[in-house]
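Participant: Okay, here's the structure, questions in a sec.
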């Protein structure tokens with residue numbers, strides 16, 4: 001059965017991201033679509049800002065506008081296997097009795113979903129309406145939803161009273177998604193989002209950044225904090241050697257998880273298929289660095 005148009009576009013994006021560049025001819029062969037259809041898909045992906053066209057194909061766009069971000073429905077499906085693996089890995093490391101901030105991001109949302117499914121007995125604080133709905137269904141979770149105004153086209157709440165609440169909060173762990181990691185700095189696409197994330201960084205004893213390997217590169221619009229202000233990064237094994245070496249030089253601990261690309265849900269966002277087939281593989285590899293209270297009980301340093 002041929003993939004539906006949106007699934008096909010997601011698979012095209014995954015192929016471009018994995019290979020760096022791909023031709024129309026090769027995409028047509030791999031996806032069983034006509035060259036005309038592939039060209040239309042590439043034009044749409046170009047308009048969304050995720051790729052750049054090349055002669056006879058497409059390449060990954062390394063010069064995105066700093067304020068650009070894809071629609072939530074699209075962003076949540078990009079690098080989907082990686083987000084699942086990161087989310088499950090982090091949920092496995094949460095401990096009963098912890099207070100945990102769940103930032104508004106598609107990767108952190110997966111961590112919340114796994115935490116709910118695994119029955120983690122935690123106090124959860126979030127500024128994401130979608131994440132709150134997931135956690136609210138878990139009887140093991142005591143849920144606090146930060147107030148504020150939702151961003152147009154997303155589930156994120158920003159502003160007051162959420163920012164003021166964070167100033168008085170003392171949480172054990174903050175799970176933070178991020179748009180970009182570049183030159184020792186975390187950055188976001190808007191001032192409001194960056195301000196909320198900065199408040200979360202200050203409110204938690206341990207700050208764990210959940211970022212798939214595509215987040216390392218061009219900076220976004222507004223800085224959130226320096227890498228020195230966080231405790232660990234959880235990413236996937238697609239992170240480049242250059243970016244790994246940069247983290248090592250800065251003394252930032254990081255773990256790489258291995259996504260299961262054999263999973264039928266990979267690249268489609270079909271979590272239902274993903275969760276009822278082969279399990280996500282989240283085999284960690286930890287880098288030495290400053291001690292992280294979040295994982296010292298569970299993993300020996302490499």
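Taken together, the values in this text are just the output of simple stated rules run on the coordinates, not laboratory data. Quick caveat, the model's predicted, so the values are computed rather than measured. Using ideal geometry, Cβ is built from the backbone for each residue, glycine included, and neighbour counts are taken over all protein chains shown.
Participant: Is the range 135-181 best put as rounded, prolate or oblate by its Cα gyration tensor, with a ≥ b ≥ c the root eigenvalues, rounded for a/c under 1.5, and otherwise prolate when a/b is larger than b/c, oblate when not?
Facilitator: Rounded shape, in that the Cα axes give a/c under 1.5.
Participant: Based only on other Cβ atoms within 10 Å, what is the fewest-to-most ordering of 216, 165, 114?
Facilitator: Values: 216 20, 165 17, 114 23.
Listing 216, 165, 114 from fewest to most nearby Cβ atoms yields 165, 216, 114.
Participant: I want to verify the translational diffusion coefficient of the range 198-242 in µm²/s; compute it with Stokes-Einstein, Rh as the Kirkwood radius over Cα pairs, at 20 °C and 1.002 mPa s.
Facilitator: Numbers: Rh = 11.9 Å.
D, rounded to a whole number, is 180 µm²/s.
Participant: Does the range 173-229 come out rounded, prolate or oblate by the C-alpha gyration tensor, with a ≥ b ≥ c the root eigenvalues, rounded set by a/c under 1.5 and, if not, prolate when a/b is larger than b/c and oblate if not?
Facilitator: On the way: a/c = 1.77, a/b = 1.29, b/c = 1.37.
Oblate is the answer for the range 173-229, as a/c is 1.5 or above yet b/c matches or exceeds a/b.
Participant: Also, I was wondering about something else. Can you tell me what percent of all Cα-Cα pairs in the range 5-63 are more than 16 Å apart? Present the calculation step by step, with values, prior to reporting the outcome.
Facilitator: Working: 468 of 1711 pairs.
It works out to 27 percent of all Cα pairs.
Participant: At a 10 angstrom cut-off on C-beta neighbours, averaged per residue, how do the peptides 138-149, 100-111, 180-191 rank from highest to lowest?
Facilitator: 100-111, 180-191, 138-149
Participant: Taking 0.36 nm per residue of sequence separation and subtracting the Cα-Cα distance, how much length would be gained by fully extending the chain between residue 117 and residue 149, in nm to one decimal?
Facilitator: Numbers: separation 32, 0.36 × 32 = 11.52 nm, distance 2.83 nm.
Contour length minus Cα-Cα distance gives 8.7 nm.
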